[in-house]
Protein chains: 2
Amino acid sequence: MSLADLIEKYIKQQIHRSENQAIALSRAELAELFSCVPSQINYVLATRFTLERGYLIESRRGGGGYIRIARVTKADRLSMAERLVLEIGGQISESEADQFLASFHELGVLTRQQVRVIRAILQRETAQIAQGKATLRASLLRSLVMLVMQCAKENEV
Amino acid sequence: MSLADLIEKYIKQQIHRSENQAIALSRAELAELFSCVPSQINYVLATRFTLERGYLIESRRGGGGYIRIARVTKADRLSMAERLVLEIGGQISESEADQFLASFHELGVLTRQQVRVIRAILQRETAQIAQGKATLRASLLRSLVMLVMQCAKENEV
DNA sequence: AAAGCGAAGGTCAGATATGGTCAGAAAAGG
DNA sequence: CCTTTTCTGACCATATCTGACCTTCGCTTT
């Protein structure tokens, strides 16, 4: 078992024991506890406590800084995705669209395959027109994502 | 929890308890209470009691000086924004326009996305003409901001 | 009045305390 | 071997906190 695995197990135990499925920890202290460099903690968080796997990380630097890890439910993620849809502005660039797609994937509302398909559609459609690419891209993205989320909801029932 | 967090919490509690959602305090006394330097209080005010977060600060120096912190409502901020619109002169530079946009964002009447869009429009439109850029910029800015505020009002109802 | 004084609050640069990132080394797995 | 995962360290970003120095205001003394 690697060090990363041990740290993962430790953190999961702490969360499990906690009242509200969320804990706050000090990166430096945790690193001290496991006798490793602080960035090792970031590695564990990045590889094992992703949104996709149901964990939410938030942190603050500076004096009194902390790292908070919270379990999120499927419903939490769906509502986060809904909020994210609202944040798609009137016009977006291709790279912004990619960022949104990555976020939706992380939130577990789009599979990798669906991300690929949507990206292809965006490219094909915006290639057709001379002007207003960013606007078309934004509205298409919104529609497609909402469509997939709609489908997912129906399949649940 | 950092000292700044504690002071923030204390101040919010005081405001909450107050009659009219406003309190007056002495910087020196508050610093004494938390055993810190007075400028720490300024730090807390600057980082946590901004307009954007719904607080209004006013103060006076000299003997009998004070710091007053008041909660401002959404309506208050809207009317402040309206007054701000009137302060846009007949001509403004790009950086002045940016300052206005930042203020409107602080007042919560423009989202970050809307600020970006408006800035883009200003740049695109003023690039079209040789003279009178500052004048066009001022009138466009006024119109666009008023438009957004109008939309916001309608969506409320 | 004008000048001087003490009592507020304001500003800002820099020290301190955290956490973040990334390239590359080391280890593990196939 | 080659690839993937783990691990480290140098360098970066940001929040907090302090202290020296500045500004403003009311009051008192000339």
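Laid out as a table, the results:
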| quantity | calculated |
| --- | --- |
| Relative exposure of A:Asp5, A:Asp98, judged by other C-beta atoms within 10 Å (fewest first) | A:Asp5, A:Asp98 |
| Within 10 Å of each Cβ in A:87-94, the average number of Cβ atoms from other chains | 2 |
| Computed magnitude of the charge dipole of the protein assembly as shown (debye, nearest 20; Cβ of K, R +1, Cβ of D, E -1) | 160 |
| Cα gyration tensor shape of the stretch B:3-71, rounded if a/c is under 1.5, else prolate or oblate by comparing a/b with b/c | rounded |
| Copies compared at A:Leu33 - label distances in nm, ascending, label defined 7 Å from Cα in the Cβ direction | 3.5 |
| Label geometry 7 Å along the beta-carbon vector: B:Ala102 inter-copy distances in nm | 2.8 |
| Phi-based couplings in Hz for the stretch B:21-31 (Karplus 6.51, -1.76, 1.60; Gly and Pro marked x) | 6, 8, 9, 10, 9, 9, 4, 4, 5, 4, 5 |
| The protein assembly as shown: calculated mean residue ellipticity at 222 nm from DSSP helix runs of at least 4, using -39500 (n - 2.57) | -20500 deg cm²/dmol |
| Span from the the stretch A:14-70 Cα centroid across to the the stretch B:1-57 one, whole angstrom | 30 |
| Whole-Å distance, taken between Cα centres, linking the stretch A:96-132 and the stretch B:88-114 | 32 |
| Cα-centre dipole for the stretch A:1-134 with unit charges at Cβ (Lys and Arg positive, Asp and Glu negative), debye to 20 | 220 |
| Label 7 Å beyond Cα on the Cβ vector: B:Gln13 copy-to-copy distances, nm | 3.6 |
| Charged-residue dipole, Cβ positions (Lys, Arg, Asp, Glu), the stretch B:105-157 about Cα centre, Debye nearest 20 | 260 |
| Cβ-based charge dipole, the stretch A:1-129, positive-most Cα from A:Gly108, A:Cys36, A:Gly64 | A:Cys36 |
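We did not get these values from a lab; they are worked out from the coordinates using the rules stated. A quick note: this is a predicted structure, and the numbers were derived from the prediction, not measured. Cβ atoms come from the backbone with ideal geometry, glycine included; neighbour counts cover every protein chain shown.
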